[in-house]
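The values are calculated or read from the model by the stated rules, or taken from the named source; none is laboratory data. It should be emphasised that the depicted structure is a prediction, and the values quoted were computed from it without experimental measurement. Ideal geometry is used to build each Cβ from the backbone, glycine not excepted, and the neighbour counts take in all protein chains shown. These accessible areas exclude ligands, DNA and RNA; they are computed on the full protein's heavy atoms, side chains included. Shrake-Rupley method; radii C 1.70, N 1.55, O 1.52, S 1.80 Å.
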Amino acid sequence: MRTIRIKISVTESKHSGENLTIRLNTYMLISEITIKDWKASKKVCNSNTPDEQLGASTLSSCKSQGLRKRSGEKTYTIGGKKTKISGKKIKGGKYAGPLPVHGAKNKANARKSD
């Protein structure tokens, strides 16, 4: 993966009648910018790194891919039976699994039924 640095400069002058100049130089890596449809690699998901040391996005991606165990007491209907998903490796709907896709990106599932 190539790393590209972006330099952002902001200059502000004449604040409240005074000659005040503020220079702000910020460097940001392209990899730090949110990438659409990003998913964690299998190497990271299958590593021995504890869940607490992974970022929230990485951990949720690993769980959705079915590479890490899920947590929580949520139940879903899988194969016609109500199943607790806690402690199980179950793929999410985005990765052709039995669980529904949630979130604002999928408005059909996120909308409340009347």
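Suppose we filter segment 51-93 for residues that are within 11 Å of residue 40 (Cα to Cα), part of a loop (DSSP other than H, G, I, E, B) and in contact with an Asp or Glu (Cβ under 9 Å, 6 or more places away or on another chain); how many remain?
0
Has segment 10-21 got at least one residue that is at pLDDT below 60, assigned to a strand (DSSP E or B) and among the aliphatic types (A, V, I, L, M)?
yes
Check whether at least one residue in segment 53-67 is hydrophobic (A, V, I, L, M, F, W, C) and over 17 Å from the mean Cα position of the chain (by Cα), and report yes or no.
No - not one qualifying residue is present in segment 53-67.
Across segment 92-114, what is the number of residues that are modelled with pLDDT of 65 or more and in contact with a helix residue (DSSP H, G or I) (Cβ under 7 Å, 6 or more places away or on another chain)?
The qualifying residues number 8.
Are any of the residues in segment 30-42 open to solvent by less than 70 Å² (accessible area, probe 1.4 Å), charged (D, E, K, R) and modelled with pLDDT of 90 or more?
no
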